[in-house]
Amino acid sequence: MHTKSFIKKLIIILVSSLLLLASCSKKQELILSDGTFTGRGAGRNGPIIVEVTVKDGKVSDAKIIEQQETEDIGFPVEADIIEEFLNHGGDTDIDAVSGATLTSNALVSALQAALDASHGIIEAKKTFTDTETDIVVIGAGGAGLTAATEAALHGAKVIVLEKAGIVGGNTNSSTGGLNASETSVQKKLKIEDSNQQFYEDTMKGGHNKNDSSLVKTLVEKSAAIVDWLQSDDVGADLSDVGIMGGSTNKRTHRPTGGQAIGSHLVPKLYDAAKNAGAEIRLNNAVTDIIEEDGRACGVKVQNEAGSYTIKAKAVIIATGGFGANPQMIEKYRPDLKDFPTTNVKTTTGDAFAWLEKFDANLRLMNEIQTHPSVVPGKGILITEAVRGNGAIMISHQGKRFVNELDTRDVTSAAVLALPEKRAYIFFNQDVRKSLKAIEGYDKAGLLVSGKTLDEIAKKLNMDSKILSETLQKYNAAQKSGKDEDFGRTDMARSLEDGPYYAVEIEPAIHHTMGGVEINTRAQVMNRAGQAVPGLYAAGEVTGGVHGDNRLGGNAVADITIFGKIAAESALEDMGE
């Protein structure tokens, strides 16, 4: 007993000492040098650079001098954060604004960097020399981070190279969830589903242009990936299950309350990869893959400090698609020239040039998906889960015009067939309460609201009588379970009671289904039908999984399942 008591007292003393040291450290941080200092943070679309002015040891002013964020989303968020920063004397303990998390975090990082400069803390540019490793992963999005985590957990030396200043890529903006069948979560929630139905839905959604062997692998590995992501190694929350367009059953796994999956999953995978021992190098762009005797054996890299090479036993390509490359879009789909895109600016299809030397086979390159519900001029996607939880789509005249849970190609075409080529997602408070992602849209200023149908109809410049008739007919269909007009079978909630909300949407380039051919081991295939030694790929850079149309929720399944398979295959081929 005496020993236990002594240990307990010792722990209390140690904790108290650490708290005191932390307190002292914080006080020291408040001592600032006078002057104007710049700081940089990595935003969604590029760097955010700020200037912070210090006078008499205190922050007197702060302003943004360079940024590339979306005007209608970035500017209000940035103004709020700058105001809070100044009101609290230069404190960077600021919560990110939901719906604009990347912009928020980037600005806070830039402000802190400026404060660090005032303290005399200047981060030196990292220089790298030629080196060797077991596995090089190109791209730190969902697929790359998954591959890095799996490989590092098994003891491999892994270097991840990301050309942007942040991790996550398009996965950061993923909102819906991860499709999986026969999962432990579904069973707990008593949701009936089957691998066979998931397979059939995916093949049907892709109009049977999918590689059936890849779809079978996706489906059969889906339950296991949910458990892996929720394991102690990663720690993700996928406890909520909803439905997305094209799915027969509820199988879209997401965080509690329907929170957007990307902003939740990326930090979990990033921490998991680092904790497992993977080295992640940001602002390090791969310029080519090194080939020797037909084998991939490393990469060439460029950063601000210069260029270097990494020799590797295996190379995993996880660079994403080409949805932000106007030249490639026009080459493969001239009809989509000048279309807006939801993709981050780094999604430019760099890998396809590197693959030419390996005679890699490309599949379905002209199959480019538009997402029907993107906010015009902002590139902000309104997740399909809003419709899955009960919202409808209405025209500018206040009428329904499509089955809201049909596949993305069908719903996009229906919007484009309208005179305005735009429409509204329309829902009420019950739908809003059911999905946390909607709160982010509200905070970002995307929603039009009205306490009554008359009020919101006036704000939308609609005939309230037509809107009322639309709602009456839909609510009757929802009660009966029969949508005679459009055949919607899942109508989760009635829209009888207000308040009501609407957000204008239009189709935008969202996903490139085409890419390099892989087999079920995620090996890159050449045009002779042979696997390229040492070369693997996962995620949107590949073609075949989704056919000519991807179902909502299948992308996160794709990147994590095949990212993990790529690592497993590389380890196996290396003899690890």
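Structure data summary
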{"read-out": "Condition met for Tyr536 (of a type in the set (Phe, Trp, Tyr) and touching a Ser or Thr at 6+ places or on another chain (Cβ under 7 Å))", "value": "yes"}
{"read-out": "Search result, residues across region 237-258 that are touching an Asp or Glu at 6+ places or on another chain (Cβ under 8 Å) and either open to solvent by 20 Å² or more (accessible area, probe 1.4 Å) or not in a loop (DSSP other than H, G, I, E, B) (or both)", "value": "Gly246, Thr248, Asn249, Lys250, His253, Arg254, Thr256, Gly257, Gly258"}
{"read-out": "Residue within region 259-277 that is farther than 18 Å from Ala147 by Cβ and acidic (Asp, Glu) present", "value": "no"}
{"read-out": "Among (1) touching a strand residue (DSSP E or B) at 6+ places or on another chain (Cβ under 8 Å); (2) farther than 22 Å from Ala555 by Cβ - the single one Ile425 does not satisfy", "value": "(2)"}
{"read-out": "Thr217 vs. criteria open to solvent by 10 Å² or more (accessible area, probe 1.4 Å), in a loop (DSSP other than H, G, I, E, B) and at negative phi", "value": "no"}
{"read-out": "Failed item, numbered, when Asn275 is tested on (1) farther than 22 Å from Gln369 by Cβ; (2) more than 18 Å from the chain's Cα centre (by Cα); (3) buried (at least 17 other Cβ atoms within 10 Å of the Cβ)", "value": "(3)"}
{"read-out": "Residues that are more than 27 Å from Asp548 (Cβ to Cβ) and out of contact with any helix residue (DSSP H, G or I) (no Cβ under 6 Å at 6 or more places or on another chain), drawn from region 420-436", "value": "Tyr424, Phe426, Phe427, Asn428, Gln429, Asp430, Val431, Lys433, Ser434"}
{"read-out": "Options Asp193, Asp201: the member that is closer than 24 Å to Asn549 by Cβ, in a loop (DSSP other than H, G, I, E, B), modelled with pLDDT of 95 or more and in contact with a Ser or Thr (Cβ under 7 Å, 6 or more places away or on another chain)", "value": "Asp193"}
{"read-out": "Those residues of region 459-499 which are β-branched (Val, Ile, Thr) and more than 24 Å from Ser449 (Cβ to Cβ), in sequence order", "value": "Thr489"}
{"read-out": "Answer residue from region 46-83, given it is at pLDDT below 65 and assigned to a helix (DSSP H, G or I) and is most open to solvent (accessible area, probe 1.4 Å) among those", "value": "Glu71"}
{"read-out": "Selection count where residues are more than 30 Å from Asn461 (Cβ to Cβ) and not acidic (Asp, Glu), scope region 491-547", "value": "35"}
{"read-out": "Residues (touching a residue at least 60 places away in the same chain (Cβ under 8 Å), assigned to a loop (DSSP other than H, G, I, E, B) and under 17 Å from Ser184 (Cα atoms)) located in region 220-233", "value": "Lys221"}
{"read-out": "Test: residue in region 290-310 that is under 30 Å from Leu381 (Cβ atoms), out of contact with any Pro (no Cβ under 7 Å at 6 or more places or on another chain) and touching a residue at least 60 places away in the same chain (Cβ under 8 Å)", "value": "no"}
{"read-out": "Residue selected from region 126-158 under the condition assigned to a strand (DSSP E or B) and not β-branched (Val, Ile, Thr), by the criterion surrounded by the most Cβ atoms within 10 Å (Cβ to Cβ)", "value": "Gly141"}
{"read-out": "When residues of region 306-329 are limited to those that are among the β-branched types (Val, Ile, Thr) and open to solvent by less than 10 Å² (accessible area, probe 1.4 Å), the one farthest from Gln369 (Cα to Cα)", "value": "Ile310"}
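The values are calculated or read from the model by the stated rules, or taken from the named source; none is laboratory data. Note that the structure is predicted; figures quoted are calculated from it, not measured. FYI the Cβ positions are ideal-geometry reconstructions off the backbone, even for glycines, and counts take in every protein chain you see. We work out accessible area using only protein heavy atoms, side chains counted, and drop any ligands, DNA or RNA first. Shrake-Rupley method; radii C 1.70, N 1.55, O 1.52, S 1.80 Å.
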